[in-house]
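Okay, structure first, notes after.
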Ligand SMILES: Cc1cc2nc3c(=O)[nH]c(=O)nc-3n(C[C@H](O)[C@H](O)[C@H](O)COP(=O)(O)OP(=O)(O)OC[C@H]3O[C@@H](n4cnc5c(N)ncnc54)[C@H](O)[C@@H]3O)c2cc1C
């Protein structure tokens with residue numbers, strides 16, 4: 001590893017990878033992942049799919065669905081930018097080798113999820129995130145200007161003269177060290193790791209948000225945390241397995257303990273979660289049932305990953321009912337950015353789930369996040385390229401990191417406290 005790079009990107013999920021891919025070859029890029037396995041990011045877990053504007057006639061309805069799901073707290077410009085960029089992004093993904101499901105005539109096959117008024121979601125079986133991210137990863141690995149480092153975390157930001165100058169990194173078993181960068185990008189994913197029950201990888205602990213808080217960089221809507229209504233109920237500890245919304249989009253129904261339907265399965269996520277919690281309380285059960293018997297296609301072919309995971313728990317779908325329970329899933333808030341993904345600190349950008357650009361408002365519409373991540377990562381790359389950046393030396397203070405473990409624990413606590421604090425503030429003002 002060198003002492004300085006043009007661009008330092010913390011996080012190699014779809015957001016970090018797509019940004020790296022869109023930087024010119026003359027820029028030296030350092031791309032980090034905290035994990036020992038570069039595939040351990042939420043991007044690899046995305047099941048349902050990625051939205052695309054089908055045609056001009058679909059614009060108003062797609063826009064309205066996104067705004068309604070977000071309780072009209074979304075930024076209309078950000079939503080428009082995302083929707084208008086979607087066809088270009090999908091073309092780029094296909095050019096990268098991403099294989100989306102197609103109809104017999106070769107046209108895209110669209111599926112539907114909760115709160116979408118029409119099918120507009122592209123998918124690859126039930127492992128769309130894996131298909132997209134592995135293709136982006138393959139492409140990035142061919143780029144001579146990008147160095148990908150596993151087990152290397154961004155521990156802190158280096159700041160001087162009112163700007164970001166790079167980061168302090170920590171490699172497994174080593175000591176913290178500084179790396180200068182003209183521009184630094186937070187692409188550290190969501191906050192699921194600070195929750196007991198989450199669909200996210202546990203190492204995703206909102207580090208980007210914590211570092212923003214430490215350095216007085218603006219954050220927004222940090223209390224907007226989405227709970228997914230249907231994760232597989234299990235007594236085993238660890239990450240909660242998601243039963244994608246597209247299962248309900250294809251016709252699966254929710255049942256109470258007597259086997260009766262109790263709600264509209266395609267309500268927006270927050271409202272469906274409330275309905276499920278209400279039913280669990282009424283039934284005195286730790287879960288409700290999901291029936292896939294009502295799905296009108298070959299369930300094993302359409303949802304192979306979900307079927308395989310249910311089998312591991314001894315549940316044979318579609319014949320058996322699946323116990324499901326809500327769990328933390330997605331982070332709508334984050335480090336506040338503009339439409340170019342710039343934060344309030346010069347030369348610091350934030351992309352992906354770490355960032356809050358206003359697309360999702362108070363609640364994310366299903367399958368909008370992969371798209372949002374890609375659109376605004378590409379915009380960040382364009383902004384970095386057109387901004388004249390110089391290196392800026394910053395004083396490195398090793399004493400701050402005497403105990404990297406307690407530093408990280410403090411980061412997690414900062415994120416938890418901020419979520420609670422913003423929640424309290426909001427309930428006072430509403
Ligand atoms: C189970 C599941 C299913 C989903 N299904 C869908 C779907 O169908 N459609 C959809 O649109 N969205 C879906 N999502 C959401 C979507 O997958 C995520 O929002 C998206 O992948 C986030 O991408 P990202 O690049 O921001 O972060 P991630 O992909 O989570 O990557 C974060 C990266 O940051 C690294 N990192 C974290 N902290 C540090 C640090 N301090 N230093 C260095 N590296 C660090 C991690 O190691 C990782 O490489 C789903 C999410 C989950 C969990």
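The values are calculated or read from the model by the stated rules, or taken from the named source; none is laboratory data. On a predicted model such as this, the values are computed, not experimentally measured, just so you know. Cβ sites come from the backbone with ideal geometry, for glycine too, and all protein chains shown count toward neighbours.
Regarding residue 361, is this residue on the phi > 0 side of the Ramachandran plot and within 13 Å of the ligand (Cβ to nearest atom)?
Taking the combined requirement at face value, the residue does not satisfy it.
Looking only at segment 214-232, which residues are surrounded by fewer than 19 Cβ atoms within 10 Å (Cβ to Cβ), touching a strand residue (DSSP E or B) at 6+ places or on another chain (Cβ under 8 Å) and not in a helix (DSSP H, G or I)?
Those that are surrounded by fewer than 19 Cβ atoms within 10 Å (Cβ to Cβ), touching a strand residue (DSSP E or B) at 6+ places or on another chain (Cβ under 8 Å) and not in a helix (DSSP H, G or I): 215, 218, 220.
Can you pull out every residue in segment 31-60 that is under 17 Å from residue 206 (Cα atoms) and touching a helix residue (DSSP H, G or I) at 6+ places or on another chain (Cβ under 9 Å)?
Across segment 31-60, the qualifying residues are 32, 33, 34, 41, 42, 43.
Quick check on segment 187-213: of everything there that is within 11 Å of the ligand (Cβ to nearest atom) and part of a helix (DSSP H, G or I), which residue is surrounded by the fewest Cβ atoms within 10 Å (Cβ to Cβ)?
By that ranking, first place goes to 193.
Looking at (1) under 13 Å from the mean Cα position of the chain (by Cα); (2) under 26 Å from residue 111 (Cα atoms), which is the only condition residue 361 fails?
Answer for residue 361: the failing condition is (1).
Checking the conditions here, which among 317, 325, 299 is crowded, with 20+ Cβ neighbours inside 10 Å and in contact with a strand residue (DSSP E or B) (Cβ under 7 Å, 6 or more places away or on another chain)?
Exactly one of 317, 325, 299 is crowded, with 20+ Cβ neighbours inside 10 Å and in contact with a strand residue (DSSP E or B) (Cβ under 7 Å, 6 or more places away or on another chain), namely 325.
Just for helices (runs of 4 or more DSSP H) wholly inside segment 57-145: which have at least 3 residues that are more than 15 Å from the ligand (Cβ to nearest atom) and either in the same structural domain as residue 304 (by TED's automatic domain parsing) or over 28 Å from residue 306 (Cβ atoms) (or both)?
Correct list: 59-69, 76-95.
On the given criteria, is residue 394 modelled with pLDDT under 95, surrounded by 14 or more Cβ atoms within 10 Å (Cβ to Cβ) and in the same structural domain as residue 73 (by TED's automatic domain parsing)?
Values: modelled with pLDDT under 95: yes; surrounded by 14 or more Cβ atoms within 10 Å (Cβ to Cβ): yes; in the same structural domain as residue 73 (by TED's automatic domain parsing): yes.
Against the criterion (modelled with pLDDT under 95, surrounded by 14 or more Cβ atoms within 10 Å (Cβ to Cβ) and in the same structural domain as residue 73 (by TED's automatic domain parsing)), residue 394 qualifies.
A quick yes/no check of all residues on (1) out of contact with any helix residue (DSSP H, G or I) (no Cβ under 6 Å at 6 or more places or on another chain); (2) surrounded by fewer than 16 Cβ atoms within 10 Å (Cβ to Cβ); (3) in a helix (DSSP H, G or I):
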residue: 363; (1), (2), (3): no, no, no
residue: 366; (1), (2), (3): no, no, no
residue: 379; (1), (2), (3): yes, no, yes
residue: 384; (1), (2), (3): yes, no, yes
residue: 390; (1), (2), (3): yes, yes, no
residue: 406; (1), (2), (3): yes, yes, yes
residue: 412; (1), (2), (3): no, no, yes
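Confirm whether residue 323 is under 19 Å from residue 231 (Cα atoms) and touching a helix residue (DSSP H, G or I) at 6+ places or on another chain (Cβ under 6 Å).
Criteria not met by residue 323.
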